[in-house]
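Beneath this line is the structure, given in structure tokens, with notes to follow.
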Amino acid sequence: MDIAGAEDGGPDGKINDADRTKIGKGMPDWTFGLNINADWKNFDLSMFFQGAYGNDIFDYSVRGDVPAMNRPSWILDRWTGEGTSNWLPRMTRENANGNWRSSELYIKDGSYVRLKNIQLGYSLPSQLLQSLAIERLRFFVSAENLLTLTEYDGFDPEIASGGYTTIGVDRGIYPQARTISVGANITF
């Protein structure tokens, strides 16, 4: 395609395969984790944070030419006619304009911090348990994947799951579940 005076074109003024460049990177610059444990009187608290920084995600779930896929709700802002979205193409299997070829449209910042685990517990005083022949009785509430801080607008920035091994490609796989548990630990 010959684009006269196009700012996006290469030195020859044309946009073609010679203008391709590598964009995005699935491997993060940094991965990190932080454990915090605290005790006060009969209460205990543990938290585990983890995250990644400096990685990009190829958001495959945006593509309209892939028929059966989970899609985020913002896909409803796609182009549906004149005066609608000017950044997200219409949803169709047809690709007459080449809208679905790989481009910066699909590259998004994948950095995140997640509260992976948190647990708050309370142990009953041992004086209350002596008559019951119980050494320790602890009640707790815990949560997994309770909070995620990210600018990624897909389902889950931690996409290394779902049976696909391609690092940094989000194929609309169901996100990790948020789980809240209540329980007790008894030591006799």
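Quick note: the coordinates plus some simple rules give every number you see, no bench work behind them. Please read these numbers as outputs of a predicted model, since none were measured by experiment. Cβ sites come from the backbone with ideal geometry, for glycine too, and all protein chains shown count toward neighbours.
Here the Kirkwood formula puts the hydrodynamic radius of segment 104-188 at 16.0 Å, using every distinct Cα pair.
Straightening the chain between Ile167 and Ala38 buys 42.9 nm, computed as 0.36 nm per residue apart minus the Cα-Cα spacing.
Peptides 106-119, 38-51, 175-188, 137-150 ranked from most to least packed give 106-119, 137-150, 38-51, 175-188, packing being the mean of other C-beta atoms within 10 angstrom over each peptide's residues.
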